[in-house]
1. Which residues, taken from the range 167-191, are in a helix (DSSP H, G or I) and surrounded by fewer than 17 Cβ atoms within 10 Å (Cβ to Cβ)?
2. Return the residue satisfying two criteria in turn: it lies in the range 1-22 and is part of a loop (DSSP other than H, G, I, E, B) and open to solvent by less than 70 Å² (accessible area, probe 1.4 Å), and of such residues it is nearest to A207 (Cα to Cα).
3. Consider L99 carefully, then state whether it is in contact with a Gly (Cβ under 8 Å, 6 or more places away or on another chain) and more than 25 Å from E49 (Cβ to Cβ).
4. Collect the residues in the range 1-59 that are within 17 Å of the chain's Cα centre (by Cα), farther than 19 Å from V209 by Cα and hydroxyl-bearing (S, T, Y), keeping them in residue-number order.
5. I need the full set of residues from the range 77-123 which are surrounded by 24 or more Cβ atoms within 10 Å (Cβ to Cβ), among the hydroxyl-bearing types (S, T, Y) and part of a loop (DSSP other than H, G, I, E, B), in order please.
6. Assuming L216 fulfils every condition listed in (1) over 17 Å from A4 (Cβ atoms); (2) at pLDDT 95 or above; (3) not hydroxyl-bearing (S, T, Y) apart from one, which condition is it?
7. Given the options N156, N74, name the one that is in contact (Cβ under 8 Å) with a residue 40 or more places away in the chain, part of a loop (DSSP other than H, G, I, E, B) and within 17 Å of the chain's Cα centre (by Cα).
8. Scan the range 23-42 and give yes if some residue there is assigned to a helix (DSSP H, G or I), hydrophobic (A, V, I, L, M, F, W, C) and under 16 Å from T185 (Cα atoms), otherwise no.
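The values are calculated or read from the model by the stated rules, or taken from the named source; none is laboratory data. Because the structure is predicted, anything quoted here is derived from the model rather than measured. No Cβ is skipped: glycine too gets one built from the backbone with ideal geometry, and neighbour counts run over all protein chains shown. Ligands, DNA and RNA are stripped out before the accessible areas are found, and what is left, the full protein with its side chains, is counted by its heavy atoms. Shrake-Rupley method; radii C 1.70, N 1.55, O 1.52, S 1.80 Å.
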Amino acid sequence: MGPAATAEFLRLLSLAVPAQSDQEHPRIVMLSEPGIPERTGAILAGSDEPLLPIRNALEQLVAWGADLLVVPCNTAHAFIDRLQGLLPVPLVHIADATLRAAMRTSPAGGWLAATTGTVHSGIYQRRAAELGYRLLIPEEPLRSEIHRAGVLVKANRLAEGGTVLASAVHGLWQQHDLPVLTACTELPLAYEAAGLPEERSVSSLAALVTACVTELRTPQAVTSAAGWRS
(Lines give C-alpha, C1' and ligand atoms only; values in the text may rest on other atoms or scores of the structure.)
Protein backbone atom coordinates (compact mmCIF):
# COMPACT_ATOMS: atom_id res chain seq x y z
CA MET A 1 0.00 0.00 0.00
CA GLY A 2 2.95 2.29 0.57
CA PRO A 3 5.01 1.89 -2.63
CA ALA A 4 8.27 3.21 -1.11
CA ALA A 5 7.92 0.98 1.94
CA THR A 6 7.07 -2.02 -0.22
CA ALA A 7 10.13 -1.45 -2.39
CA GLU A 8 12.32 -1.17 0.72
CA PHE A 9 10.83 -4.38 2.13
CA LEU A 10 11.73 -6.25 -1.05
CA ARG A 11 15.25 -4.77 -1.03
CA LEU A 12 15.82 -5.85 2.56
CA LEU A 13 14.38 -9.28 1.86
CA SER A 14 16.76 -9.83 -1.05
CA LEU A 15 19.67 -8.97 1.24
CA ALA A 16 18.47 -11.20 4.09
CA VAL A 17 18.02 -14.34 2.02
CA PRO A 18 21.19 -16.51 2.13
CA ALA A 19 21.35 -16.94 -1.65
CA GLN A 20 24.30 -17.23 -4.00
CA SER A 21 22.32 -16.97 -7.25
CA ASP A 22 18.97 -15.88 -8.65
CA GLN A 23 17.73 -19.45 -8.44
CA GLU A 24 18.33 -19.62 -4.69
CA HIS A 25 15.92 -16.79 -3.89
CA PRO A 26 12.27 -17.47 -3.04
CA ARG A 27 9.53 -16.96 -5.61
CA ILE A 28 7.61 -13.79 -4.78
CA VAL A 29 4.33 -12.51 -6.17
CA MET A 30 3.63 -8.88 -5.32
CA LEU A 31 0.50 -6.77 -5.54
CA SER A 32 1.27 -3.08 -4.99
CA GLU A 33 -2.21 -1.65 -4.59
CA PRO A 34 -2.18 2.07 -3.81
CA GLY A 35 -5.95 2.22 -4.29
CA ILE A 36 -6.68 0.77 -0.83
CA PRO A 37 -8.62 3.50 1.03
CA GLU A 38 -6.62 5.49 3.56
CA ARG A 39 -6.36 3.36 6.72
CA THR A 40 -5.89 5.93 9.48
CA GLY A 41 -8.83 8.03 8.36
CA ALA A 42 -11.04 4.95 8.27
CA ILE A 43 -9.97 3.84 11.76
CA LEU A 44 -10.60 7.25 13.25
CA ALA A 45 -14.00 7.45 11.54
CA GLY A 46 -15.00 3.93 12.55
CA SER A 47 -15.25 2.95 8.88
CA ASP A 48 -14.72 -0.54 7.40
CA GLU A 49 -13.94 0.86 3.95
CA PRO A 50 -10.43 -0.66 3.63
CA LEU A 51 -11.46 -4.10 4.92
CA LEU A 52 -12.90 -5.66 1.75
CA PRO A 53 -10.21 -4.28 -0.60
CA ILE A 54 -7.50 -5.64 1.72
CA ARG A 55 -9.18 -9.05 1.83
CA ASN A 56 -9.61 -9.06 -1.95
CA ALA A 57 -5.94 -8.20 -2.45
CA LEU A 58 -4.78 -10.98 -0.14
CA GLU A 59 -7.05 -13.50 -1.83
CA GLN A 60 -5.74 -12.35 -5.21
CA LEU A 61 -2.19 -13.14 -4.07
CA VAL A 62 -3.30 -16.60 -3.00
CA ALA A 63 -4.93 -17.10 -6.39
CA TRP A 64 -1.59 -16.21 -7.98
CA GLY A 65 0.10 -18.96 -5.99
CA ALA A 66 1.24 -17.43 -2.69
CA ASP A 67 1.22 -19.82 0.25
CA LEU A 68 2.54 -17.25 2.75
CA LEU A 69 1.23 -13.69 2.99
CA VAL A 70 2.92 -10.52 4.19
CA VAL A 71 1.72 -6.92 4.21
CA PRO A 72 4.40 -4.24 4.80
CA CYS A 73 1.90 -1.78 6.25
CA ASN A 74 1.32 -1.60 10.00
CA THR A 75 -1.98 0.27 9.98
CA ALA A 76 -3.52 -2.23 7.57
CA HIS A 77 -3.15 -4.89 10.25
CA ALA A 78 -5.93 -3.27 12.25
CA PHE A 79 -8.17 -4.62 9.48
CA ILE A 80 -6.17 -7.79 8.82
CA ASP A 81 -6.75 -8.83 12.45
CA ARG A 82 -10.43 -9.07 11.59
CA LEU A 83 -9.67 -11.56 8.81
CA GLN A 84 -8.20 -14.18 11.13
CA GLY A 85 -9.54 -17.59 10.18
CA LEU A 86 -10.81 -16.30 6.84
CA LEU A 87 -7.55 -16.39 4.88
CA PRO A 88 -6.64 -19.71 3.23
CA VAL A 89 -2.90 -19.45 3.96
CA PRO A 90 -0.80 -18.09 6.87
CA LEU A 91 0.10 -14.42 7.21
CA VAL A 92 3.23 -13.05 8.91
CA HIS A 93 1.95 -10.38 11.31
CA ILE A 94 4.07 -7.24 11.36
CA ALA A 95 3.20 -6.24 14.94
CA ASP A 96 4.13 -9.67 16.29
CA ALA A 97 7.40 -9.60 14.35
CA THR A 98 8.27 -6.07 15.52
CA LEU A 99 7.52 -6.74 19.18
CA ARG A 100 9.59 -9.93 19.13
CA ALA A 101 12.48 -7.96 17.65
CA ALA A 102 12.01 -5.21 20.25
CA MET A 103 12.09 -7.72 23.10
CA ARG A 104 15.42 -9.02 21.81
CA THR A 105 16.88 -5.57 21.19
CA SER A 106 15.56 -3.71 24.22
CA PRO A 107 14.11 -5.91 26.97
CA ALA A 108 13.57 -2.78 29.09
CA GLY A 109 10.96 -1.44 26.67
CA GLY A 110 10.57 0.96 23.79
CA TRP A 111 8.61 3.83 22.27
CA LEU A 112 5.85 3.19 19.73
CA ALA A 113 6.36 5.43 16.70
CA ALA A 114 3.37 4.78 14.44
CA THR A 115 0.55 6.37 12.53
CA THR A 116 -2.32 7.86 14.47
CA GLY A 117 -4.47 5.01 13.13
CA THR A 118 -2.14 2.29 14.38
CA VAL A 119 -1.95 3.89 17.83
CA HIS A 120 -5.72 4.36 17.97
CA SER A 121 -6.38 0.75 16.91
CA GLY A 122 -4.37 -0.62 19.85
CA ILE A 123 -2.86 -3.51 17.88
CA TYR A 124 0.58 -2.94 19.39
CA GLN A 125 -0.61 -2.09 22.89
CA ARG A 126 -2.70 -5.27 23.19
CA ARG A 127 0.11 -7.53 22.03
CA ALA A 128 2.70 -5.78 24.19
CA ALA A 129 0.46 -6.23 27.24
CA GLU A 130 0.08 -9.94 26.49
CA LEU A 131 3.85 -10.26 26.23
CA GLY A 132 4.49 -8.18 29.33
CA TYR A 133 6.53 -5.74 27.27
CA ARG A 134 6.83 -2.08 28.31
CA LEU A 135 5.59 -0.06 25.34
CA LEU A 136 5.48 3.71 25.73
CA ILE A 137 2.96 5.72 23.68
CA PRO A 138 3.89 9.29 22.65
CA GLU A 139 1.59 12.08 23.72
CA GLU A 140 0.55 14.99 21.53
CA PRO A 141 1.98 16.88 19.74
CA LEU A 142 4.81 14.37 19.19
CA ARG A 143 2.37 11.64 18.13
CA SER A 144 1.02 13.82 15.32
CA GLU A 145 4.52 14.79 14.23
CA ILE A 146 5.50 11.13 13.95
CA HIS A 147 2.42 10.51 11.81
CA ARG A 148 3.30 13.53 9.66
CA ALA A 149 6.79 12.16 9.04
CA GLY A 150 5.29 9.02 7.49
CA VAL A 151 2.93 11.08 5.33
CA LEU A 152 5.89 13.11 4.04
CA VAL A 153 7.70 9.92 2.99
CA LYS A 154 4.59 8.82 1.09
CA ALA A 155 4.72 12.19 -0.69
CA ASN A 156 8.36 11.56 -1.74
CA ARG A 157 9.55 14.26 0.68
CA LEU A 158 12.01 11.96 2.41
CA ALA A 159 14.46 14.56 3.71
CA GLU A 160 11.65 16.64 5.20
CA GLY A 161 10.13 13.52 6.73
CA GLY A 162 13.50 12.72 8.31
CA THR A 163 13.75 16.18 9.81
CA VAL A 164 10.26 15.97 11.31
CA LEU A 165 10.86 12.49 12.71
CA ALA A 166 14.24 13.42 14.20
CA SER A 167 12.69 16.31 16.11
CA ALA A 168 9.92 14.07 17.47
CA VAL A 169 12.27 11.23 18.39
CA HIS A 170 14.62 13.53 20.28
CA GLY A 171 11.56 14.74 22.19
CA LEU A 172 10.76 11.16 23.16
CA TRP A 173 14.33 10.45 24.24
CA GLN A 174 14.27 13.48 26.51
CA GLN A 175 11.44 11.76 28.38
CA HIS A 176 12.72 8.15 28.39
CA ASP A 177 15.96 6.92 26.84
CA LEU A 178 14.50 3.87 25.10
CA PRO A 179 14.69 2.67 21.47
CA VAL A 180 11.97 3.69 19.02
CA LEU A 181 9.85 1.05 17.33
CA THR A 182 9.34 2.50 13.84
CA ALA A 183 5.94 0.85 13.51
CA CYS A 184 4.90 2.56 10.32
CA THR A 185 6.80 1.13 7.36
CA GLU A 186 7.59 4.60 6.01
CA LEU A 187 9.29 5.57 9.27
CA PRO A 188 12.42 3.40 8.90
CA LEU A 189 13.07 5.34 5.69
CA ALA A 190 12.61 8.67 7.50
CA TYR A 191 14.72 7.46 10.44
CA GLU A 192 17.61 6.56 8.14
CA ALA A 193 17.28 9.83 6.22
CA ALA A 194 17.51 11.70 9.52
CA GLY A 195 20.84 10.07 10.32
CA LEU A 196 19.56 8.82 13.68
CA PRO A 197 21.56 6.01 15.35
CA GLU A 198 20.55 2.62 13.98
CA GLU A 199 21.01 0.86 17.32
CA ARG A 200 18.34 3.06 18.92
CA SER A 201 15.50 1.89 16.72
CA VAL A 202 13.60 -1.30 15.95
CA SER A 203 12.50 -1.22 12.33
CA SER A 204 9.15 -2.85 11.59
CA LEU A 205 10.38 -3.45 8.03
CA ALA A 206 13.55 -5.23 9.16
CA ALA A 207 11.62 -7.22 11.76
CA LEU A 208 9.10 -8.29 9.13
CA VAL A 209 11.89 -9.39 6.81
CA THR A 210 13.51 -11.49 9.56
CA ALA A 211 10.19 -13.16 10.37
CA CYS A 212 9.52 -13.84 6.69
CA VAL A 213 12.90 -15.47 6.10
CA THR A 214 12.29 -17.70 9.12
CA GLU A 215 8.86 -18.72 7.85
CA LEU A 216 10.02 -19.19 4.27
CA ARG A 217 12.72 -21.57 5.40
CA THR A 218 10.33 -23.89 7.24
CA PRO A 219 10.16 -27.44 5.84
CA GLN A 220 6.41 -27.28 5.16
CA ALA A 221 5.06 -26.50 1.72
CA VAL A 222 8.42 -26.52 -0.04
CA THR A 223 7.75 -25.52 -3.63
CA SER A 224 11.10 -24.75 -5.21
CA ALA A 225 14.40 -26.47 -5.85
CA ALA A 226 16.07 -24.00 -3.46
CA GLY A 227 13.76 -25.13 -0.64
CA TRP A 228 11.69 -21.96 -0.34
CA ARG A 229 7.96 -21.53 0.04
CA SER A 230 6.20 -19.22 -2.42
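1. From the range 167-191, those in a helix (DSSP H, G or I) are 167-175, 187-191; that's our starting set.
Hits for the range 167-191 are S167, H170, G171, W173, Q174, Q175.
2. V17
3. When the stated conditions are applied, L99 does not pass them.
4. Within the range 1-59, T40 is the sole residue that qualifies.
5. T115
6. (2)
7. Working: N156 fails: within 17 Å of the chain's Cα centre (by Cα).
On inspection, the qualifying residue turns out to be N74.
8. No, the range 23-42 has no match at all.
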